[in-house]
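Enquirer: Sharing a structure below in structure tokens format, with a few things to ask.
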Amino acid sequence: MSLDTFQQTVKNRVDSNLTQRINVLPDHAIKLKEAMLYALLIGGKRMRPFLVYATGEMLGVSTEDLHGPAMAIEAIHAYSLIHDDLPAMDDDDLRRGHPTCHIKFDEATAILAGDALQTLAFEILCDYSMSANNKRIELVKILSQASGYQGMCGGQAMDLAATNKQINQQQLESLHGKKTGALIIACVEMAIALTPDIKPEDKLNLIKFSKTIGLAFQVQDDILDVISDSETLGKPQGSDQEQNKSTYPAMLGLSQAQTYLDKLHQQALQALRTLPYNTELLEAFTDFVIHRKY
């Protein structure tokens, strides 16, 4: 299956499953349900669910067992974007070319929608239909660690603390390894957790791949904020510079940031080439991450 076909299949599947999951909720808070669905469905590449399915199916995990982690990771991602856009955080009015959740609804509803999507993620992991029931706690642990203090939330706090300050490259990579990378790594870790038999060295190389591609994703994000435009990005171009954020182009210069991205590209592909599996889809995904325009 081609990258484009697999991406579209994943998007359709995840959007349908999450829509169904929210639509069956009781109607005592209609506005909140509408805000949750709005935040989930206003666009997005579904890169994290893609990584769950692509990695899991490569390892021989049944597609049915991957539905829960794929839905859960996207719910967490959507919640994080709602909260990132709030006035107290990045204060953005546009997300994926649409009004952000707090602009479309209101700030209180947006906060609650983010909270509800976060808790929905763990509800899904606890009750979705799967063959490996003994893996539920491990999946919850992986996602909760990647989402919380040790992962995304901790990274976001580090990002806020680094605004208007000079930090070194090691600190910047630590920051983004948590803020952006942790959820990407969790996609691969959850797929691995559902794999009945995987060699330790293959697991290590898959984790290495996920860490590298997570970092590459952020480097390209920083580069696009400099070289792209608001219409293509679906959000204000240059917002990182305007807010004096710590970024790779600001630290290394645009040319060196692009050189570093090329280096990460090759490292990610090399990690995949060590694996005794068909990695063609993940290689195509790697190329997509590096060369994406939005």
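None of the figures in this text is laboratory data; all of them are computed from the coordinates on show. Everything quoted here is computed from the prediction, not taken from an experiment. Note: ideal-geometry Cβ built from the backbone for every residue, glycine included; neighbour counts use all protein chains shown.
Enquirer: Which residue, 49, 200, 87, tops the fluctuation ranking in a GNM of the chain built on C-alpha contacts under 10 Å?
Expert: 200
Enquirer: Counting helices only, and only those DSSP H runs with n ≥ 4, report the 222 nm mean residue ellipticity of the chain as the sum of -39,500 (n - 2.57) divided by its residues, in deg cm²/dmol to the nearest 500. Intermediate values should be presented prior to the final figure.
Expert: Details: 16 runs with 212 residues, N = 294.
Theoretical 222 nm ellipticity from helices: -23000 deg cm²/dmol.
Enquirer: Nothing charged except the Cβ atoms of Lys and Arg (+1) and of Asp and Glu (-1): what's the magnitude of the dipole of the chain about its Cα centre? Round to the nearest 20 debye.
Expert: Numbers: 27 positive and 37 negative charges, 101 e Å.
Here the size comes out at about 480 debye.
Enquirer: When Lys and Arg each count +1 and Asp and Glu each count -1, what net charge do the other residues less than 13 Å away from residue 202, Cβ to Cβ, add up to?
Expert: Working: positive: 199, 203, 208, 273; negative: 197, 201.
Around residue 202, the surrounding residues sum to +2.
Enquirer: Also, I was wondering about something else. Have a look at the chain and give its Rg and Dmax from the Cα atoms, expressed in angstrom.
Expert: 18.4, 53
Enquirer: Which pairs break 18 Å Cα to Cα here: 11/45; 135/211; 33/179; 33/104; 141/178; 135/208?
Expert: 135/211; 33/179; 135/208
Enquirer: Work through the residues other than residue 27 whose Cβ is under 13 Å from its Cβ and net out their charges, Lys, Arg +1 and Asp, Glu -1.
Expert: Working: positive: 31, 33; negative: 34.
It works out to a net charge of +1.
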